[in-house]
1. Can residue 178 be described as more than 16 Å from the chain's Cα centre (by Cα), farther than 22 Å from residue 43 by Cα, part of a loop (DSSP other than H, G, I, E, B) and at pLDDT below 95?
2. Spot the failing condition for residue 75; the list is (1) in a helix (DSSP H, G or I); (2) in contact with a helix residue (DSSP H, G or I) (Cβ under 7 Å, 6 or more places away or on another chain); (3) within 21 Å of residue 161 (Cα to Cα), and only one is missed.
3. Would you confirm, using the coordinates I've provided, whether residue 168 is in contact with a helix residue (DSSP H, G or I) (Cβ under 9 Å, 6 or more places away or on another chain), modelled with pLDDT of 85 or more and either within 27 Å of residue 53 (Cα to Cα) or surrounded by 15 or more Cβ atoms within 10 Å (Cβ to Cβ) (or both)?
4. Is it true that residue 99 is part of a helix (DSSP H, G or I), in contact with a strand residue (DSSP E or B) (Cβ under 8 Å, 6 or more places away or on another chain) and under 18 Å from residue 51 (Cβ atoms)?
5. Within region 1-39, which residues are surrounded by 10 or more Cβ atoms within 10 Å (Cβ to Cβ), part of a helix (DSSP H, G or I) and at pLDDT 95 or above?
6. Considering each of 107, 125, 35 in turn, give the residue that is farther than 18 Å from residue 158 by Cβ and out of contact with any strand residue (DSSP E or B) (no Cβ under 9 Å at 6 or more places or on another chain).
7. Restricting attention to region 110-136, which residues are closer than 24 Å to residue 195 by Cβ, buried (at least 18 other Cβ atoms within 10 Å of the Cβ) and either at pLDDT below 95 or in contact with a helix residue (DSSP H, G or I) (Cβ under 6 Å, 6 or more places away or on another chain) (or both)?
8. Can you tell me which residue within region 50-103, out of those that are surrounded by 15 or more Cβ atoms within 10 Å (Cβ to Cβ), free of Cβ contacts under 8 Å to residues at least 24 places away in the same chain and within 25 Å of residue 185 (Cβ to Cβ), is farthest from the chain's Cα centre (by Cα)?
């Protein structure tokens, strides 16, 4: 009996001191056959089409008149990082739709000569909730151009889906490019948006 008690004490202690750098749970993402089949069905639904169209429209609004953006989305635009975050807690989309969108974005990036570096999930304790983050980290396949520079395409792509107490919180999609003479200039983020939301 003391062994069981020690186990639970240690488990709670680990939860209390967990952080993004030292998560309580860290495991690779694996979708079940049922989840995969549901995802294949979902890709052809009106919900999938509407989500993709809405993100595309919001990106156009961001470029033309950012003050008119929907409150559920923000865009990142710095010299080395471009992307967006969807605050799904401000929308009516459900857990299923958001997880499938997360996987859809990864699938689309893989189609443009990228590879998966890691797909994992981490969970850790916050002061008022348990946070879990699923992420797909993708890198361009190494190729050198005529000048001997590595073709970085759009840079490295990180897709993160955050939950708070198992409720969908937000989804981040970010491309980070290298500002280094060894790499070709990154392609325009607008083209990446167009390719992943087709």
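The values are calculated or read from the model by the stated rules, or taken from the named source; none is laboratory data. Given the structure is predicted, the values throughout are model-derived calculations rather than measurements. Quick reminder, even Gly has a Cβ in these numbers, built from the backbone with ideal geometry, and neighbours come from all protein chains shown.
1. Values: more than 16 Å from the chain's Cα centre (by Cα): yes; farther than 22 Å from residue 43 by Cα: yes; part of a loop (DSSP other than H, G, I, E, B): yes; at pLDDT below 95: yes.
Against the criterion (more than 16 Å from the chain's Cα centre (by Cα), farther than 22 Å from residue 43 by Cα, part of a loop (DSSP other than H, G, I, E, B) and at pLDDT below 95), residue 178 qualifies.
2. (1)
3. Here the answer is yes, as residue 168 does meet what is asked.
4. Details: part of a helix (DSSP H, G or I): yes; in contact with a strand residue (DSSP E or B) (Cβ under 8 Å, 6 or more places away or on another chain): yes; under 18 Å from residue 51 (Cβ atoms): yes.
Against the criterion (part of a helix (DSSP H, G or I), in contact with a strand residue (DSSP E or B) (Cβ under 8 Å, 6 or more places away or on another chain) and under 18 Å from residue 51 (Cβ atoms)), residue 99 qualifies.
5. 35, 36, 37, 38, 39
6. On the way: 107 fails: farther than 18 Å from residue 158 by Cβ; 125 fails: out of contact with any strand residue (DSSP E or B) (no Cβ under 9 Å at 6 or more places or on another chain).
It is 35.
7. 136 - this is the single residue of region 110-136 that is closer than 24 Å to residue 195 by Cβ, buried (at least 18 other Cβ atoms within 10 Å of the Cβ) and either at pLDDT below 95 or in contact with a helix residue (DSSP H, G or I) (Cβ under 6 Å, 6 or more places away or on another chain) (or both).
8. It comes out as 62.
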